[in-house]
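Accompanying notes for the structure given below.
Throughout, read-outs are computed from the coordinates displayed, never taken from laboratory work. What you see is a predicted model; the values in this text were computed from it and never measured. Ideal geometry is used to build each Cβ from the backbone, glycine not excepted, and the neighbour counts take in all protein chains shown.
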Amino acid sequence: MIKEQPNNRIFKFQEFIRNKLGLYVGRTVCRRAKNIVLNEIMGDHKLEYGRILDYRDELLRSNTGSICVVKLSEETFEGGKKMFVGFYICFDVMKKSYLASCMPCIGLDGCFLKGVYRGQLLVAVCKDENNQMLPLPWVVVEIENMHTWRWFVNLLKSYLQFGDGTSLTIITDMQKGLENAIADLLPNSKHRMCARHILANWSKKWRGIERRNCFWRCARSTYEWELKKNLDDMKKLGTKIVDELLYYNIERWSKVYFNTFCKSDSIDNNMAECFNAWILAARQKTIVTMLEEIRVKMMNKIGHLRQFGNTWITDFSPMAMKVLEENTERSMKCNIFWTGEHGCKVKQ
């Protein structure tokens with residue numbers, strides 16, 4: 001039971017023992033037994049933190065060109081030991097993939113770790129040529145705040161050659177301190193906010209399917225007149241409903257205001273959320289075991305992508321071809337009227 005459901009609370013184990021064996025076991029005994037089993041299954045937490053520097057050295061030795069940084073406390077404790085503060089890793093193959101073929105649009109997000117010592121894992125994710133999730137670097141930290149985000153973004157910026165962020169688009173949720181870190185370190189980047197998180201906060205007061213649908217029409221609007229029409233429709237659904245929606249900077253979550261350089265019309269941070277779900281099983285394990293499991297998953301993913309790429313029948317990915325074919329079919333229903341030297345009018 002512990003192996004299959006390690007996150008179950010202690011009283012669940014007490015109930016299980018009482019139902020199966022007819023015995024009453026105290027909370028302390030159950031907790032100790034659970035920790036013994038978890039240590040056997042997932043490794044010893046203290047021992048793995050003590051080996052984190054060796055793990056870093058081995059990663060750098062076996063992955064030429066990659067960057068791996070272990071951050072320790074400035075303060076020294078008894079026995080000359082230092083406290084673990086953070087672990088950053090970005091493999092060279094991910095960097096090359098991003099620079100060679102990915103759109104300059106990344107999502108930043110964090111998730112909680114489920115182990116004994118908790119902590120958080122922060123990640124930067126982009127989309128590959130086939131519009132699928134491609135993780136870049138990730139970092140393990142004690143807590144998500146402005147200092148940890150600044151450390152992460154600074155390493156991300158230097159290794160992936162972001163410069164001041166010109167031509168880069170970043171999609172985030174509403175993480176603490178992240179907005180300030182981006183403004184300071186990547187001042188010229190375009191910052192989008194995840195529409196799903198805005199909807200989650202806004203809809204706490206404004207519930208209903210009709211309001212939700214109207215919100216998504218606003219987020220997906222591509223012309224100013226279209227956005228204005230959708231906002232006017234929303235005004236009919238409640239007093240001050242639009243004012244409270246516009247509290248969230250609409251230039252960061254509506255397609256109307258997105259620049260076209262990065263060639264991405266994403267209005268949510270689903271690519272980062274996918275990564276968090278993808279590593280769900282690993283997040284409850286000890287630090288080295290977790291990091292190694294994520295590394296192996298990434299290695300397998302790269303191998304599968306390589307095999308998948310060999311099946312392409314054109315130089316374009318299947319997803320790109322699908323979008324092209326859909327737009328070609330839509331264009332067959334359009335008529336083009338010349339308006340002079342400056343362009344044409346398209347009418348469906």
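The table below gives the values:
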read-out	value
Trypsin sites (Lys or Arg not before Pro) restricted to DSSP loop in region 82-191 with at most 12 other C-beta within 10 Å	118
Ascending count of other beta-carbon atoms within 10 Å, so fewest first, for 179, 15	15, 179
C-alpha long axis of helix 224-235 to longest principal axis of the chain, angle in °	70
Partner lysines for residue 34 [C-alpha distance under 30 Å; skip if fewer than 8 residues away on the same chain]	3, 12, 20, 46, 81, 82, 114, 285, 297
Karplus-derived 3J(HN,Hα), 6.51/-1.76/1.60, for each residue of region 192-201, Hz, glycine and proline x	9, 10, 5, 5, 5, 6, 5, 4, 4, 6
Packing rank of 204-217, 335-348, where each peptide gets the mean count of other beta carbons within 10 Å, highest leading	204-217, 335-348
C-alpha center-to-center spacing [region 88-163, region 251-310] in angstrom	9
Given [x] 38, 25, 20; [y] 33, 25, 19; [z] 43, 27, 21, the label whose value is semi-axes √(5λ) of the Cα gyration tensor in Å derived from this model	[z]
0 to 90° range, to nearest 10: angle between helix 52-62 axis and the chain longest Cα axis	60
Potential extension, residue 225-residue 112 segment - 0.36 nm per residue separation minus Cα distance	36.5 nm
